[in-house]
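S.K.: First the structure, then my questions, so here it is.
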Amino acid sequence: MPVITLRRGIDSGVEASRLDTLRSTAELAGCTPAELRSLLPYVDEVTVPAGTRIAVRGETSNQFVIVAEGRLRAGSPDYGWHTLLSGETAGWAAMWEMAANDETVIAETEVRLLVMGHAQFRAIKAIAQRPVPTERILRSHAVAL
């Protein structure tokens, strides 16, 4: 059974690292430093081993993840696969819309992630912009139907 490490709480080094990771995401690029700092209490940090499944295409999304370190593989056999690196995310549109995951996401290496569940994600909705529908988002809605 894989060991998953969860770190909660904020010390200055951890806070700075998490803030840098939040700042590096395209989805949060329009947020001010104060807005990003306001998200810190709502972000959990987990470390998962290679091979851990983070999300399954077609299943209801239950988390938004940001890669802090390591690599994730995301996609599906139908639409192809791509790699997510530090600062890249999975689950943004699905969490925003409370929809199905549009991709399966698997840890390629041991990976450190910042994670937000539905209750935590509401803090993002208060400060960030709603995602613009894309072909990928529209596909995820079709999968949910």
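The values are calculated or read from the model by the stated rules, or taken from the named source; none is laboratory data. Quantities reported herein were computed from a predicted structural model and do not represent experimental measurements. Every residue, glycine as well, gets a Cβ built from its backbone with ideal geometry; the counts of neighbours run over all protein chains shown.
S.K.: With the structure loaded, tell me whether ILE137 is more than 23 Å from LEU39 (Cα to Cα), in a helix (DSSP H, G or I) and either modelled with pLDDT of 90 or more or β-branched (Val, Ile, Thr) (or both) or whether it fails that test.
M.R.: The answer is yes for ILE137.
S.K.: Moving on to the next point. Is it true that ALA144 is out of contact with any Pro (no Cβ under 8 Å at 6 or more places or on another chain) and either farther than 17 Å from LEU28 by Cβ or modelled with pLDDT of 90 or more (or both)?
M.R.: yes
S.K.: If you don't mind, another one. What number of residues within the stretch 104-130 are at pLDDT below 95 and more than 16 Å from LEU39 (Cα to Cα)?
M.R.: Within the stretch 104-130, residues that are at pLDDT below 95 and more than 16 Å from LEU39 (Cα to Cα) number 1.
S.K.: Another question about this same structure. For the stretch 36-44, does any single residue satisfy the condition of being surrounded by fewer than 18 Cβ atoms within 10 Å (Cβ to Cβ), modelled with pLDDT under 95, over 13 Å from the mean Cα position of the chain (by Cα) and assigned to a loop (DSSP other than H, G, I, E, B)?
M.R.: No: zero hits.
S.K.: For TRP81, which of the numbered conditions (1) in contact with an Asp or Glu (Cβ under 8 Å, 6 or more places away or on another chain); (2) at pLDDT 95 or above; (3) of a type in the set (A, V, I, L, M, F, W, C); (4) over 16 Å from VAL43 (Cα atoms) fails to hold?
M.R.: (1)
S.K.: Output the strands (runs of 3 or more DSSP E) that fall wholly within the stretch 59-105 and possess 2 or more residues being touching a residue at least 12 places away in the same chain (Cβ under 8 Å) and either touching a Pro at 6+ places or on another chain (Cβ under 9 Å) or not aliphatic (A, V, I, L, M) (or both), or say none.
M.R.: 64-69, 72-76
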